[in-house]
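Beneath this line is the structure, given in structure tokens, with notes to follow.
The values are calculated or read from the model by the stated rules, or taken from the named source; none is laboratory data. Every value quoted in this text rests on a predicted model; they were computed, and no experiment measured them. Cβ coordinates were reconstructed from backbone atoms using ideal geometry, including for glycine residues, and neighbour counts include every protein chain displayed.
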């Protein structure tokens with residue numbers, strides 16, 4: 001039982017404890033037997049009972065509570081000393097608190113002794129004091145508070161209450177929370193670094209250099225598997241000055257396999273390589289470099305094995321379950337990012353090959369076009385000479401043959417010129433001049449009227465009044481109209497109509513050429529502007545063409561800073577082609593008359 005205060009020590013408390021009432025306690029009360037039947041005895045009994053109640057309360061608290069004198073010797077303590085296995089309550093009086101907690105410690109350099117001495121000094125000066133420490137002997141994290149005992153006249157410098165809390169669980173929770181937050185930050189850093197890298201080597205290097213924050217290791221490597229060669233390629237390795245596996249080296253699969261079944265496709269963790277009877281060639285190499293603990297995690301992406309992540313340390317049993325769990329998380333990130341990088345690399349190489357093929361095709365087309373131009377000029381010259389009778393008279397069949405030859409020679413010349421113009425428009429500077437849209441479109445319609453009428457078609461022109469002038473290359477705009485009207489004539493049925501409309505908005509001059517021809521499927525409205533693309537349907541198999549006319553038109557319009565598109569309700573419903581050219585601020589004046 002806790003030793004009691006002497007009556008002389010507790011008597012002053014009656015001055016500050018008016019709540020302890022003696023009213024209602026009769027002299028006949030059996031609990032008062034042995035006490036004088038007067039007011040002082042009754043008051044003492046009430047105080048004694050209250051004291052017992054407070055002692056019982058203090059004994060129930062988990063904190064270690066000690067009342068010590070000015071020398072630091074224990075006057076009394078609660079029963080927590082017994083739950084902490086420090087001794088019995090009845091045997092601690094006049095024992096040093098430091099000696100109670102550290103019975104075998106006699107050194108003056110003891111951190112706990114220094115802390116207890118310091119908080120007693122602070123408390124004696126009327127200040128509340130505390131300190132916190134990890135006590136290796138008690139294996140507890142302690143929070144120690146000290147405060148002078150209050151008397152009726154103020155603070156007594158002779159007695160100090162010291163409360164020692166075991167905050168080990170709280171500190172563990174705080175440390176676990178800190179480590180969890182650090183892990184999340186590190187994993188996020190690793191993820192961001194992996195996503196920022198664009199090659200398998202960069203991804204692996206980003207992961208390994210940051211992994212040390214979470215998994216202390218001496219050796220780490222990432223290998224990628226090549227199924228065609230049945231080899232593993234080391235893309236990254238961080239050995240902290242050891243290990244001979246270097247980035248850029250390839251190894252056969254069998255050098256990673258052991259007689260015990262360990263191989264890169266499987267997860268395994270080894271506490272001590274030195275205790276294994278059978279090791280692979282790679283494990284033997286790691287052993288020679290001083291590595292002992294070791295684990296391997298396969299990299300799996302889309303259910304396909306692509307490589308492995310291996311981590312090693314120079315101490316047996318070094319890696320914990322948490323280390324391995326972190327390794328698995330990083331391996332998952334590595335696998336996904338590496339597969340994406342591999343696919344991106346394949347796509348990039350495919351695009352490069354395609355670009356090279358397209359470049360070769362363009363160069364071939366240019367060469368062929370240039371080579372065709374000279375013989376075409378010669379053919380056209382001889383056709384003209386024969387048709388004019390310069391080389392002798394021709395009969396009617398020969399005249400008809402020359403006419404057909406001239407038509408096809410002209411068509412071929414047009415195609416060759418389109419190809420050459422399409423290539424040159426990318427580098428040639430435009431020869432812009434001010435154009436009156438109404439006058440220009442009127443000339444276009446007059447030039448095409450005869451050809452359109454011979455084809456059994458009608459053409460109409462609708463021009464809004466007061467159109468702003470255009471700043472454009474007239475020769476190139478004429479090529480646009482030549483192609484668009486040529487298509488309208490070619491694809492329109494006999495008796496059909498072609499309509500040209502022109503209007504202006506604040507920013508653009510808009511031109512629309514509508515026909516009532518074969519129409520365009522909705523899913524082909526963009527494809528028709530691609531180079532050499534032709535719609536292969538039963539409606540247009542009879543029409544020729546190289547498939548570059550619309551490509552050339554869009555290129556010319558784009559070179560002027562404009563845009564071009566097509567609209568069609570569908571096959572057999574006709575088409576409308578739109579050309580929108582910017583109205584430049586300096587040219588928004590009306591063209592002068594004449």
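Taken together, the criteria exclude residue 132 from residues that are at pLDDT 85 or above, more than 30 Å from residue 209 (Cα to Cα) and loosely packed, with under 12 Cβ neighbours inside 10 Å.
Table: residues versus (1) at pLDDT 90 or above; (2) in contact with a helix residue (DSSP H, G or I) (Cβ under 9 Å, 6 or more places away or on another chain); (3) not in a helix (DSSP H, G or I).
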{"position": "551", "(1), (2), (3)": "no, yes, no"}
{"position": "566", "(1), (2), (3)": "yes, yes, yes"}
{"position": "570", "(1), (2), (3)": "no, yes, yes"}
{"position": "577", "(1), (2), (3)": "yes, yes, yes"}
{"position": "580", "(1), (2), (3)": "yes, yes, yes"}
{"position": "592", "(1), (2), (3)": "no, no, yes"}
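Here the range 250-264 is the region considered, the condition is being over 17 Å from residue 228 (Cβ atoms) and in a loop (DSSP other than H, G, I, E, B), and the residue that is nearest to the chain's Cα centre (by Cα) is 263. Taking the residues in the range 94-119 that are assigned to a loop (DSSP other than H, G, I, E, B) and in contact with a strand residue (DSSP E or B) (Cβ under 6 Å, 6 or more places away or on another chain) as candidates, determine which candidate is nearest to residue 159 (Cα to Cα). Going through the qualifying residues, I end up with 94. With respect to the conditions (1) touching a strand residue (DSSP E or B) at 6+ places or on another chain (Cβ under 7 Å); (2) at pLDDT 85 or above; (3) not in a loop (DSSP other than H, G, I, E, B), residue 237 falls short on a single one, namely (2).
For residue 387, the conditions (1) under 30 Å from residue 262 (Cα atoms); (2) crowded, with 16+ Cβ neighbours inside 10 Å are fulfilled apart from (1).
Tell me, yes or no, whether the range 237-245 has at least one residue that is in contact (Cβ under 8 Å) with a residue 12 or more places away in the chain, crowded, with 18+ Cβ neighbours inside 10 Å and under 27 Å from the mean Cα position of the chain (by Cα). The answer is yes; a qualifying residue exists.
Rundown of residues vs (1) more than 19 Å from residue 144 (Cβ to Cβ); (2) surrounded by 11 or more Cβ atoms within 10 Å (Cβ to Cβ); (3) modelled with pLDDT of 85 or more, yes/no style:
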site: 25; (1), (2), (3): yes, yes, no
site: 28; (1), (2), (3): yes, no, no
site: 32; (1), (2), (3): yes, yes, no
site: 35; (1), (2), (3): yes, yes, no
site: 39; (1), (2), (3): yes, no, no
site: 48; (1), (2), (3): yes, yes, no
site: 72; (1), (2), (3): no, yes, yes
site: 75; (1), (2), (3): no, yes, yes
site: 93; (1), (2), (3): yes, yes, yes
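Taking into account only those residues within the range 139-171 that are assigned to a loop (DSSP other than H, G, I, E, B) and modelled with pLDDT of 90 or more, which is surrounded by the fewest Cβ atoms within 10 Å (Cβ to Cβ)?
Taking the range 139-171 as the starting set, the residues that turn out to be assigned to a loop (DSSP other than H, G, I, E, B) are 139, 152-153, 167.
Restricting the remaining residues to those that are modelled with pLDDT of 90 or more gives 139, 167.
Details: 139: 8, 167: 16.
Top of the filtered list is 139.
Say whether the condition of being within 30 Å of residue 503 (Cα to Cα), modelled with pLDDT under 85, out of contact with any strand residue (DSSP E or B) (no Cβ under 8 Å at 6 or more places or on another chain) and not in a strand (DSSP E or B) is met by at least one residue in the range 389-400.
First pass over the range 389-400, keeping only residues within 30 Å of residue 503 (Cα to Cα): none.
No: the range 389-400 contains no residue that is within 30 Å of residue 503 (Cα to Cα), modelled with pLDDT under 85, out of contact with any strand residue (DSSP E or B) (no Cβ under 8 Å at 6 or more places or on another chain) and not in a strand (DSSP E or B).
From the list 535, 556, the one residue that fits, being modelled with pLDDT under 80 and in contact with a helix residue (DSSP H, G or I) (Cβ under 7 Å, 6 or more places away or on another chain), is 535.
Considered as a group, the residues in the range 456-485 that are out of contact with any strand residue (DSSP E or B) (no Cβ under 7 Å at 6 or more places or on another chain) and in contact (Cβ under 8 Å) with a residue 60 or more places away in the chain include one that is nearest to residue 515 (Cα to Cα), and that residue is 483. Considering (1) in contact (Cβ under 8 Å) with a residue 60 or more places away in the chain; (2) under 22 Å from residue 293 (Cβ atoms); (3) under 22 Å from the mean Cα position of the chain (by Cα), the lone condition that residue 186 does not fulfil carries the number (1).
Considering the conditions (1) surrounded by fewer than 18 Cβ atoms within 10 Å (Cβ to Cβ); (2) within 19 Å of the chain's Cα centre (by Cα), residue 229 is excluded by exactly one of them, (2). Once the range 412-432 is narrowed to residues that are loosely packed, with under 12 Cβ neighbours inside 10 Å and over 17 Å from residue 551 (Cα atoms), the residue that is modelled with the lowest pLDDT is 429. Could we say that residue 222 is in contact (Cβ under 8 Å) with a residue 40 or more places away in the chain and within 30 Å of residue 105 (Cβ to Cβ) here? Judged against the criteria, residue 222 is not a match.
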